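Peer 1: Dumping the structure here so I can ask a few things about it.
The values are calculated or read from the model by the stated rules, or taken from the named source; none is laboratory data. Note that the coordinates shown come from a computational prediction; the quantities given were computed from them, not determined experimentally. Reconstructed Cβ throughout: ideal geometry from the backbone, glycine too, with neighbour counts over all protein chains shown.
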């Protein structure tokens, strides 16, 4: 079986990282995978197989005949059995290429978010509904996101299936990264990972940290990720009383090493699908405190972490304080979380489920 995995760009974000990891496991299982990125990006994708970078400028994201033609050429030359579009602009890109350049390979869309939260106008709904109409199947990251997708687009339930993202079985260094060693030696670290965009709710993150930090000089906040809000957030941090204990670390390729040695992972997001970084934190036995949005409640509950209703900063601050206090309850939750991930969310298991979906789509069968 030959599969093309289409991703937004070479960047260390959830959709691209998971597509790369999934592709590695699919190749190990005997599939032929070609990963294609649309736009220019700053990072090297962790895929060991064939990668093609179209290197298109973001300015052309809405209308780019040259890029659609290049994808069509790859498809007509290599004759893949299936195309998987992985979040971002990939579905729009694949469908427009298919319509203009007349290829017939089935398209599977990996839905990594609660789409209804992003559809906030009639034009957006109509545009996305148009692209969804040409999809052969959808793999959703969580059951809640699957339900939302079906309801938002009136999509056939027989053509959608939930398969979560997974975690790699990696040996994590016993020491924190060298460039952060001084921070870990002197503080208890809270870590947040995600793009610096509005839906990640970094304003609330800073409020939570300041509320706890004013009474606890032992804590430090590391924010991993980048995005168009970085300059604005850095200006806000510069005015905070505890600005010396907040670090913007950018994108990193040693995220697990940071998370492993953190005291807690905190995520007050407004919109999510099922974030891989939460699964990684649970795998590392690092306490997870997160807002109850998207599919997070499918892994974080009273037995595995701290699930906070959106916009309830008081409860979020209370949970952070509880984790910092430590105790048997914290250890029990992290042990439960680790067990859940190793039993149900490893990429070796997840890739088998994707392969079965591909086989059904190629055969023209429904997913349920």
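Peer 1: Would a scan of region 193-200 turn up a residue that is in contact (Cβ under 8 Å) with a residue 60 or more places away in the chain and in the same structural domain as residue 352 (by TED's automatic domain parsing)?
Peer 2: Within region 193-200, the subset in contact (Cβ under 8 Å) with a residue 60 or more places away in the chain is 193-195, 198-200.
Filter once more, keeping what is in the same structural domain as residue 352 (by TED's automatic domain parsing): none.
No, region 193-200 contains no residue that is in contact (Cβ under 8 Å) with a residue 60 or more places away in the chain and in the same structural domain as residue 352 (by TED's automatic domain parsing).
Peer 1: Still on this structure, I have one more. What number of residues in region 16-42 are surrounded by 22 or more Cβ atoms within 10 Å (Cβ to Cβ) and in contact with a strand residue (DSSP E or B) (Cβ under 9 Å, 6 or more places away or on another chain)?
Peer 2: Looking only at that region, the number is 12.
Peer 1: Follow-up question, since we're still on this one. Given the options 146, 151, name the one that is surrounded by 20 or more Cβ atoms within 10 Å (Cβ to Cβ), at pLDDT 95 or above and assigned by TED's automatic domain parsing to the domain that holds residue 19. Don't jump to the end; show me each part of the working.
Peer 2: Numbers: 151 fails: surrounded by 20 or more Cβ atoms within 10 Å (Cβ to Cβ).
The match here is 146.
Peer 1: Could you say which residue among 240, 229, 233, 221 is within 23 Å of residue 337 (Cα to Cα), in the same structural domain as residue 336 (by TED's automatic domain parsing) and touching a residue at least 12 places away in the same chain (Cβ under 8 Å)?
Peer 2: 221
Peer 1: Could you go through region 65-74 and let me know if any residue there is in contact with a helix residue (DSSP H, G or I) (Cβ under 9 Å, 6 or more places away or on another chain), in a strand (DSSP E or B) and outside the structural domain of residue 254 (by TED's automatic domain parsing). Outline the logic, then answer.
Peer 2: Of the residues in region 65-74, the ones in contact with a helix residue (DSSP H, G or I) (Cβ under 9 Å, 6 or more places away or on another chain) are 65-73.
If we keep only those that are in a strand (DSSP E or B) too, we end up with none.
The answer is no, given that none of the residues of region 65-74 is in contact with a helix residue (DSSP H, G or I) (Cβ under 9 Å, 6 or more places away or on another chain), in a strand (DSSP E or B) and outside the structural domain of residue 254 (by TED's automatic domain parsing).
Peer 1: Residue 301 is checked against (1) without any contact (Cβ under 8 Å) to a residue 12 or more places away in the chain; (2) in a helix (DSSP H, G or I) and fails just one. What number does that condition carry?
Peer 2: (2) is the only condition that residue 301 fails.
Peer 1: Checking the structure you have, find out if any residue of region 82-97 is at pLDDT 95 or above, in the same structural domain as residue 136 (by TED's automatic domain parsing) and farther than 29 Å from residue 164 by Cα.
Peer 2: no
Peer 1: Follow-up. Would you mind telling me which numbered condition in (1) surrounded by fewer than 18 Cβ atoms within 10 Å (Cβ to Cβ); (2) in a strand (DSSP E or B) residue 221 fails?
Peer 2: With respect to (1) surrounded by fewer than 18 Cβ atoms within 10 Å (Cβ to Cβ); (2) in a strand (DSSP E or B), residue 221 is out only on (1).
Peer 1: For residues that are part of a loop (DSSP other than H, G, I, E, B) and within 17 Å of the chain's Cα centre (by Cα), scanning just region 187-207, find the one that is nearest to residue 291 (Cα to Cα). Give the derivation first.
Peer 2: Start the filter on region 187-207 by keeping residues that are part of a loop (DSSP other than H, G, I, E, B), which leaves 187, 194-197, 201.
In the following step, the residues that additionally are within 17 Å of the chain's Cα centre (by Cα) were identified as 194-197, 201.
On the way: 194: 14, 195: 16, 196: 17, 197: 16, 201: 10 Å.
Checked region 187-207; the qualifying residue nearest to residue 291 (Cα to Cα) is 201.
Peer 1: Would you mention how many residues in region 312-343 are farther than 15 Å from residue 283 by Cα and touching a residue at least 24 places away in the same chain (Cβ under 8 Å)?
Peer 2: Here is the first cut: in region 312-343, the residues farther than 15 Å from residue 283 by Cα are 312-329.
Narrowing the set further to residues that are touching a residue at least 24 places away in the same chain (Cβ under 8 Å) leaves 313, 316-317, 319-321, 323-324.
Residues meeting the conditions: 8.
Peer 1: Which one of these does residue 210 not meet: (1) surrounded by fewer than 18 Cβ atoms within 10 Å (Cβ to Cβ); (2) without any contact (Cβ under 8 Å) to a residue 40 or more places away in the chain; (3) part of a helix (DSSP H, G or I)?
Peer 2: Of the numbered conditions (1) surrounded by fewer than 18 Cβ atoms within 10 Å (Cβ to Cβ); (2) without any contact (Cβ under 8 Å) to a residue 40 or more places away in the chain; (3) part of a helix (DSSP H, G or I), the odd one out for residue 210 is (1).
Peer 1: Check residue 120 against each of (1) in contact (Cβ under 8 Å) with a residue 60 or more places away in the chain; (2) more than 20 Å from residue 365 (Cβ to Cβ); (3) in the same structural domain as residue 53 (by TED's automatic domain parsing) and name the one condition it does not meet.
Peer 2: It fails just one condition, (1).
Peer 1: Please tell me if residue 309 is farther than 22 Å from residue 260 by Cα, in the same structural domain as residue 204 (by TED's automatic domain parsing) and without any contact (Cβ under 8 Å) to a residue 12 or more places away in the chain.
Peer 2: Spelling it out, it is not the case that residue 309 is farther than 22 Å from residue 260 by Cα, in the same structural domain as residue 204 (by TED's automatic domain parsing) and without any contact (Cβ under 8 Å) to a residue 12 or more places away in the chain.
Peer 1: Turning to a different aspect of this structure: Which one is farthest from the chain's Cα centre (by Cα) among residues in region 16-46 that are part of a loop (DSSP other than H, G, I, E, B) and more than 19 Å from residue 89 (Cβ to Cβ)?
Peer 2: As a first pass, look at region 16-46 and keep what is part of a loop (DSSP other than H, G, I, E, B): 29-31, 40-46.
Retained after the next criterion (residues that are more than 19 Å from residue 89 (Cβ to Cβ)): 29-31, 44, 46.
On the way: 29: 23, 30: 26, 31: 24, 44: 17, 46: 15 Å.
My answer is 30.
Peer 1: Taking only region 43-70 into account, find how many residues are in contact with a strand residue (DSSP E or B) (Cβ under 7 Å, 6 or more places away or on another chain) and buried (at least 18 other Cβ atoms within 10 Å of the Cβ).
Peer 2: 8
Peer 1: Here's a follow-up. Quick check on residue 54: is it modelled with pLDDT of 95 or more, closer than 19 Å to residue 139 by Cα and in contact with a helix residue (DSSP H, G or I) (Cβ under 8 Å, 6 or more places away or on another chain)?
Peer 2: Values: modelled with pLDDT of 95 or more: yes; closer than 19 Å to residue 139 by Cα: no; in contact with a helix residue (DSSP H, G or I) (Cβ under 8 Å, 6 or more places away or on another chain): yes.
So residue 54 fails the test.
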